[in-house]
Every structure is written in C-alpha cells, then in structure tokens.
Amino acid sequence: MFHRQTKLDRFSTRLTCRFNFFKQLKMNTKKLALGIGTIWMSMLLLTSGCGSRSAERPTVEPVDYVDPYIGNISHLLVPTYPTIHLPNSMLRLYPERRDFTGDMLKGLPSVVTGHRRGSAFHISPFQGDKSKLRPVVNYSYDLEEIKPYAYSVYLDEALINVDFGVSHQSAMYAFEFEKEEPVSLVLNSLNGAVKWDGEAFSGYQLIENNTKIYLYLKPAAQPKAVNALVGGKLVDAQEASGRNACLVLDYGTDISALELQYGISFIDEAQARQNMEREVVGKSLAEIQSIGRDLWNQTLGKISVSGTDEDAKKVFYTSLYRTFERPVCLSEDGRYYSAFDGTIHQDNGRPFYTDDWIWDSYRAHHPLNVLIDSEKENDILHSFILMAEQMDNMWMPTFPEVSGDSRRMNSNHAVASVIDAYRKGLRGFDLEKAFLACKGAITEKTLAPWSGMPAGELDQFYKDEGYFPALPEGVEETVPEVHGFESRQPVAVTLGTSYDEWCLAQIAKELDREEDYKKHLENSYNYRNLFHAQTHFFHPKDAQGNFIEPFDYRFSGGMGARKFYGENNGWVYRWDVQHNVSDLVGLMGGPEQFVANLNATFNEPLGRSKYGFYAQLPDHTGNVGQFSMANEPSLHVPYLYNYAGQPWKTQKRIRTLMDQWFRNDLMGVPGDEDGGGMTSFVVFSQLGFYPVTPGLAMYNIGSPEFEKASITLPNGKTFTITAENYAPEHKYIQSATLNGAPLDQPYFWHDDIRDGGELTVVMGSKANFEWGANQAPPSGVSNEEFQQLDL
C-alpha cells in the first residue's frame, strides 16, 4: 500500500526544500550553508529521510553527500541531469524539463534510452475532465527531492503526490491523489506500440538503428476501463501504435492511491516482465528504495574521505556517483541485445556493457574503473571486443551506445583503455583480439571524424606523410568520408592518432609483435610534423606541406574550430601530446619556455567579447584564459607543470580550478559532463593524483583535498592518502612519503599501490619550490627507445 508521509516526514521535506531554495538563490554564505547543513544532518539522524525511504540510520553515509542537483544549471551547454539509477544499471530516469529552472514537468519518465536522451515512455496520472487528456501531461510541481535511488515530487496543481524507487531493470511508482475526482493513467510510447492484456500494460518504443526498448507495467489495482487516446479523443481500443501510441486506464473515483510496478528490456516484453518479477514484485516501495540506498552506499563506500570541508565531500561523492551512470549493463538473465549486429546473444556469464563515449572516458573514467572496480573494467573491455566482432568490420568502437556505435568525435581511444588496463594488471580480456580490433580501427577505418567509412585518400596521405592535411580557407571539401559539418579536424586527428599509435605500439610490445611495435612507435611522433617551431603551437598544414597562413590560434577554423581542431582551439590542442610530454618540453625549448607557454595558456585573453567567443566556440567553456575546464582535452593540462620542474604550480592550479569550477551549487559543473568523463577528473584530483597518460601505469601527484582518503582496491587491500597539517586552504606539498619511504618526485607507479599502501603528504599554505622539482615524471617513450627509432 502507498505510505502516507508523517508530519515529521513532511517537516523534513519542507526543511530540505527551504535549504535548497536558499542555496539556489545564492543567498547563503559558506558559513550559513554549513549552518543550515548542520541542521539538515541533524534531521537525518532523527528521521529516515523524506517520505518512507529507509530505516533509521545512525550516521551520515556516503550517499547522503550526493546532490544530483549540482550542475543542473549549465554555464552554456548541456547541464548535468539529476539521474535516478543504480550503478551502471539499465533503468535510468530523470525528471524531464528544459533545465532546473523549468516550471513544468513533461509527464513522468519510465526509462531514459541512453545518456542524455529523452524518455522512451511517459506515465501521466490525471484527475478531472477526460477531454483534457493529452499523450503527455505537463505538470506544475513543487517539493521535489532526488536521491540516486529514489524520487519524490508533489504535482501541486494536480494535487498528486508521487514517489518512486528504482532497481536495475525495474522500478515502482506510487501515486496519492488528493482530489475527489475520477482517476486516469495515460501510458504513452512516443514511437512504437502499446497494448492492454486485461491485467498489464506492455509495449515498445523504437529508438535509433532499429533498436527497441520494451516495457511491461502492472498496476496494483485493475482499471474499470481501458481506451486508446487518438487525436485527443478516447476511442474503444486496447492497443495503439505509431507516434504517441497511448492507452488510458480509467479508475473512476474508487481509489485515492495507486502503485505501479514495471520492468524494461531490450530483448522483448516477456523479458521485461521477468525483470520486473525478479526485482520488484513482492517488495514495498520502501524496500526497493532501501535496497537501492544500500547498494549506493556499498558502491560509493569504496572510497572514504574525511576532513572539515563538507562542501568538498558533497562535490566528491556527487562526482563519484556520476561516474557510475555509464557504461550501462545490458545483460538480462544471461542474455543481451546487441545493436551492433541486431541480435540477441548469450552473455556466457559476463555482463555486456555499452553506452560509453570513449573519446573522453579513456582519460580518467576508465582508469578510475581500473583502480576501484577492475572486474567491471575487464567486462567493459571484453564487451568492446564483442562489439568489434559483431560489426561488419573488426574495428574497435569509438562511441558505443545502446543503439550501436555512432562513430562520433575524432580518434580511436579505446586502444588507450586497453593498454592502460593491461599495464595495470588486468587480464580478463583477450589482448590479441583487442590489438586486431584497435589496429583495424586506426589503420583500416577512416580517421576522418564522425565517420565509419573505410580509409580513403586522406588516410593514405596520413600514412605516407605523417599528418592529416588541412584545406586552406575557402577551398571546398570534396573527400566523401569527411562529415559535412564536423570537417577534417586535421590537427586534432593527427595529435589524437599519434597517441593512439603509441598505445597500439605498447600492445604490440606486450604481444612481442616487434615489427608492429617499431612501426607504430615511430608513428607516435607524427605530432612533430605539425609543430611550428616559431610559435610553439600545433599548426595545420596543407597537402603541399605548407603551414596554413594567415592563422589565429584562437579563432581560425570556423565553428568550433573544426576545420583544423575540434571543439577547442589551438591553445588547448597545444598540449595534446599525453604520451610524450618530455618531447613536447624539448620541442618548446626546455622547461623554462614550457612553463612560460603553460602560464600563457591560463592568461591569454579571450580576444573577443564572451558573446563573440562562445558564439564560435560553444564547447570551449569554463575558461581560465584560453584554458577550458569544461572540455576533456584540457583535463591533463594543469598537471603538466610537474614535467617542467614546478610541481607547486600544478598544486596551485588544480586547487584553484577545483574551487572555481566544481562547487556545491546548481552551477557547480563547468561544462558538458558526459556521464563520468569529467567528474572522474574531479574524483582523482580531489584525492590528489591523476593519470596523465593512460597506458603508462603511473599517476601524477596534485594536491589532496581531504585530510584522509582511503581507497578499497579490488583485491581488498587499502590505499590511503593522508594529508598532515591539513586545512582546506593548505594546498601545497611540503614533503611526502610513499609506503614509509621518502618521496621527492611528483608521481608514483600503479605497482606502488596495487597491493595497498599509503601516500603521506605534509601540507602548507605556501609553496615549497623544491619538492619534486628535480624528478620529472617519465613519458611514454624512454631515451633508449627513442635512440632506436628511425626519425
């Protein structure tokens, strides 16, 4: 039965909403926020949380620090979505509105079909005049509360209380109707078919690439009548198909509360029903929410942090929660549907994962999985190989989604995740197959962005000349594999492929493929072919080997700088040599000039009004000078001071960027957070280290933000980061030890912590210019390897 809130529960709800209200209006100072937060945390100890969510808890747990609203108002592009889901699970949803400030909810969602996509089905409870029924009912709302595992909202004009709990592939809604008017329930597939079989609703929605998502929904009470809604009118039918295929369940005035349980599937309606019966049938809403809460605490509890900065904890655990939004496990009772070949497969006991935007997730998201969830990472990489085998060509995916590989963005960075995992000890995937799939994606598929076509004339040019050629301004594109809007992105492609070839060389080395190793290692230096020795930028060249002139590293390249770069301008791509930073230091004339160029990146003005800058470069946001905190190619840049003898500047810059752009408020994420792509950077950076070069089993040290952080490793051992002389404002490392031995270098190896250990840093308010200044982190090519190359 639907659980009515107690007076104490409703008081807790109102207190929460008032706290959020003050925070959103920016009326609170930090002290006020902490003060109100103390009141709220005290209430948590007295109640089970809002509504009937869970039993009494004696302490504040990790999930209590998660605030899905952080970042819900975007600075410019896509905001974060307050997603309700279990870790990496198939059933995900969020309230549909324009953004956080939207006044109206677009029905109630049942499932989001992919990261940042709309709902596959809408559920709309309704009371009143049936002539006003629509396929999706828009609601005015209030008293909304979102937890990772639960959702509640009051539809204030409709006078309907809504409560929701989620499982992996199933969920439950509970409605309480306050009006004494007839109750109806509208169930809508935006593009598909629906039917009523006398006791349950079922149907499907067609999404991209002939992929269907199925729903089986069973109400706790049977309706008096079921009709189809066609053209705004009720008709005598119990099934419907096409656009806005709708059924309306009519309950009359006999009920004041209604519960719905449902399951989803990518296989068929019968499997959706099995998922529902396995996960939620026989459970109350409170039980479902409690199970979800416990799972989130178990998942988030893999890392524990302590310190006096409560806002930092909020940012940390909210960021960690977001890293579990993708990829998505599609296995259902040992089977999964693959859009990569349109077939249902047996999973043979291993979960199948997809919806992974590898262009950015390779940077920090996959390394974070390796660190805290290696079994899952093994399964993800195994899934990549299966995708390659299932597609027409044995090419590693680049942008695998639930509807197949969309081949978006540039480069083929799955190769980085493969070698990174292998070098850190993971062996749960076939490295030989991974090599063949990665090699095919890099050498047989075109390197042109946003294309799945075979290699063409531009790719042959790259193989012959060592760079992707640019078109001079005003010259029309005629090469068929080049996307009409995205353009060639020749600098981004050349730099990204240089890194990919380094990664491919490392896999070849592990497999004793000496010829492949040497060839791809030599190709990993192709970025040199676009380096402009006078300007120290990577500068596009035409097919005759001439630098494109005249040229502006801020604005040349048109919309999104795509004719030459990609989403970011030349100032960001100046640093896109993750695999060989030491060589980049040398190309720029040594550490002093390298640091000067880094400093200039953070100081160079936009060069136009903000309106003019972002009108051309809307993805290049979160600016500090020409640095873009809001786009993933910039994530490693603040750590590069470590390579030039000034680790203190990395410490300063990281903490400054974190304070500026990742905050406990509605605008607390600077840009397009791709389901963990950016927030993994936050998790690592707050812990105090970061994987600058995935594929090299090493971490750069930054500035720990907590007094103590403990990471439970997959083998059960613990790696601890302890900050002595801790204070939130103490950002500079004075000295350090690793596993009890003095550490005077700004990096450590994965092997140093694989079996547990402790990094202890003594912090201070002013920089120690000497610590770590004399031992730069190694790059991906050693001096001995370089001497053997034919460059």
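The values are calculated or read from the model by the stated rules, or taken from the named source; none is laboratory data. Keep in mind it's a predicted model, so treat the numbers as computed, not measured. Cβ placement follows ideal geometry from the backbone for every residue including glycine, while neighbour counts extend to all protein chains displayed.
General remarks:
- Residue check, LEU295 aliphatic (A, V, I, L, M), in the same structural domain as ARG427 (by TED's automatic domain parsing) and either on the phi > 0 side of the Ramachandran plot or in a helix (DSSP H, G or I) (or both): no
- The residue of the stretch 587-630 that is nearest to LYS652 (Cα to Cα), among those that are hydroxyl-bearing (Ser, Thr, Tyr) and touching a residue at least 60 places away in the same chain (Cβ under 8 Å), is SER628.
- Counting the residues of the stretch 625-680 that are within 18 Å of the chain's Cα centre (by Cα) and basic (Lys, Arg) gives 1.
- In the condition set (1) in the same structural domain as LEU159 (by TED's automatic domain parsing); (2) more than 30 Å from ALA339 (Cα to Cα), THR318 is compliant with all but (1).
- Residue satisfying all of: in the stretch 658-671; surrounded by fewer than 24 Cβ atoms within 10 Å (Cβ to Cβ) and of a type outside the set (S, T, N, Q); nearest to THR621 (Cα to Cα) among these: TRP661
- Among residues of the stretch 470-485 that are farther than 16 Å from ALA561 by Cα, those with a beta-carbon under 8 Å from a residue that is at pLDDT 95 or above and of a type in the set (A, V, I, L, M) at least six positions away or on a different chain give the pairs VAL479/ALA448; VAL479/LEU458; PRO480/MET453; GLU481/ALA448; GLU481/MET453; GLU481/LEU458.
- Qualifying residue in the stretch 586-601 (condition: over 19 Å from PHE551 (Cα atoms) and under 24 Å from the mean Cα position of the chain (by Cα)): no
- Of all residues in the stretch 560-568, none satisfies being surrounded by fewer than 19 Cβ atoms within 10 Å (Cβ to Cβ) and touching a residue at least 12 places away in the same chain (Cβ under 8 Å).
- Residue pairs meeting the criteria (Cβ under 7 Å; at least 6 apart or on separate chains; first part of a loop (DSSP other than H, G, I, E, B), in the stretch 91-112; second surrounded by fewer than 16 Cβ atoms within 10 Å (Cβ to Cβ)): GLU96/GLY118; ARG97/MET104; ASP103/SER140
- Residue satisfying all of: in the stretch 236-267; of a type in the set (Val, Ile, Thr) and assigned to a strand (DSSP E or B); nearest to TRP196 (Cα to Cα) among these: VAL248
- A count restricted to the stretch 124-153 and to residues that are surrounded by fewer than 22 Cβ atoms within 10 Å (Cβ to Cβ), over 19 Å from ALA228 (Cα atoms) and among the hydroxyl-bearing types (Ser, Thr, Tyr) stands at 2.
- Search result, residues across the stretch 758-789 that are of a type in the set (Gly, Ala, Ser) and free of Cβ contacts under 8 Å to residues at least 40 places away in the same chain: GLY764, SER765, SER782
- Listing of helices (runs of 4 or more DSSP H) fully contained in the stretch 512-621 that carry 3 or more residues being in contact with a helix residue (DSSP H, G or I) (Cβ under 8 Å, 6 or more places away or on another chain): 514-523, 570-573, 581-587, 591-603
- The set of residues from the stretch 623-675 being part of a loop (DSSP other than H, G, I, E, B), of a type in the set (S, T, N, Q) and over 27 Å from ALA736 (Cα atoms) comprises GLN626, ASN631, ASN664.
- The set of residues in the stretch 158-194 that are within 27 Å of ARG293 (Cβ to Cβ) and of a type in the set (A, V, I, L, M) comprises ILE160, VAL162, VAL166, ALA171, MET172, ALA174.
For every residue, the table says whether it meets (1) more than 16 Å from ASN631 (Cβ to Cβ); (2) of a type outside the set (Val, Ile, Thr); (3) touching a strand residue (DSSP E or B) at 6+ places or on another chain (Cβ under 7 Å); (4) surrounded by 14 or more Cβ atoms within 10 Å (Cβ to Cβ).
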position	(1), (2), (3), (4)
ARG554	no, yes, no, yes
GLY558	yes, yes, no, no
ARG574	no, yes, yes, yes
PRO591	yes, yes, no, yes
VAL595	yes, no, no, yes
ASN599	yes, yes, no, yes
ASN603	yes, yes, no, no
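- So TYR154, is it out of contact with any strand residue (DSSP E or B) (no Cβ under 6 Å at 6 or more places or on another chain), hydroxyl-bearing (Ser, Thr, Tyr) and modelled with pLDDT of 90 or more: no
- Residue within the stretch 217-235 that is in a strand (DSSP E or B), under 30 Å from the mean Cα position of the chain (by Cα) and modelled with pLDDT of 95 or more present: yes
- The single residue among ALA388, ALA448 that is assigned to a loop (DSSP other than H, G, I, E, B), assigned by TED's automatic domain parsing to the domain that holds SER524 and among the small types (Gly, Ala, Ser) turns out to be ALA448.
- For the stretch 408-424, the count of residues that are surrounded by 23 or more Cβ atoms within 10 Å (Cβ to Cβ), at pLDDT 95 or above, not in a helix (DSSP H, G or I) and not polar (S, T, N, Q) is nonzero.
- Scanning the stretch 60-78 for residues that are among the charged types (D, E, K, R) and either farther than 15 Å from GLU145 by Cβ or in a loop (DSSP other than H, G, I, E, B) (or both) gives GLU61, ASP67.
- Qualifying residues in the stretch 451-476 (those that are acidic (Asp, Glu) and modelled with pLDDT under 95) - the one nearest to PHE537 (Cα to Cα): GLU473
- Condition broken by VAL166, with the remaining ones in (1) over 22 Å from GLU239 (Cα atoms); (2) surrounded by fewer than 24 Cβ atoms within 10 Å (Cβ to Cβ) satisfied: (2)
- Number of the condition not met by GLU473 [criteria: (1) crowded, with 16+ Cβ neighbours inside 10 Å; (2) assigned to a loop (DSSP other than H, G, I, E, B)]: (1)
- Here the strands (runs of 3 or more DSSP E) wholly within the stretch 134-212 that include at least 2 residues being farther than 19 Å from LEU249 by Cβ are 138-140, 142-147, 150-155, 160-166.
Here is a yes/no grid of residues against (1) among the aromatic types (Phe, Trp, Tyr); (2) in the same structural domain as ILE372 (by TED's automatic domain parsing); (3) out of contact with any Leu (no Cβ under 9 Å at 6 or more places or on another chain); (4) modelled with pLDDT of 95 or more:
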residue: LYS649; (1), (2), (3), (4): no, yes, no, yes
residue: ILE654; (1), (2), (3), (4): no, yes, yes, yes
residue: ASN664; (1), (2), (3), (4): no, yes, yes, yes
residue: ASP674; (1), (2), (3), (4): no, yes, yes, no
residue: GLN686; (1), (2), (3), (4): no, yes, yes, yes
residue: LEU696; (1), (2), (3), (4): no, yes, yes, yes
residue: PRO714; (1), (2), (3), (4): no, no, no, yes
residue: ILE721; (1), (2), (3), (4): no, no, no, yes
residue: SER735; (1), (2), (3), (4): no, no, no, yes
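- Meets criteria (over 17 Å from ARG562 (Cα atoms), modelled with pLDDT of 95 or more and surrounded by 24 or more Cβ atoms within 10 Å (Cβ to Cβ)) for TYR525: no
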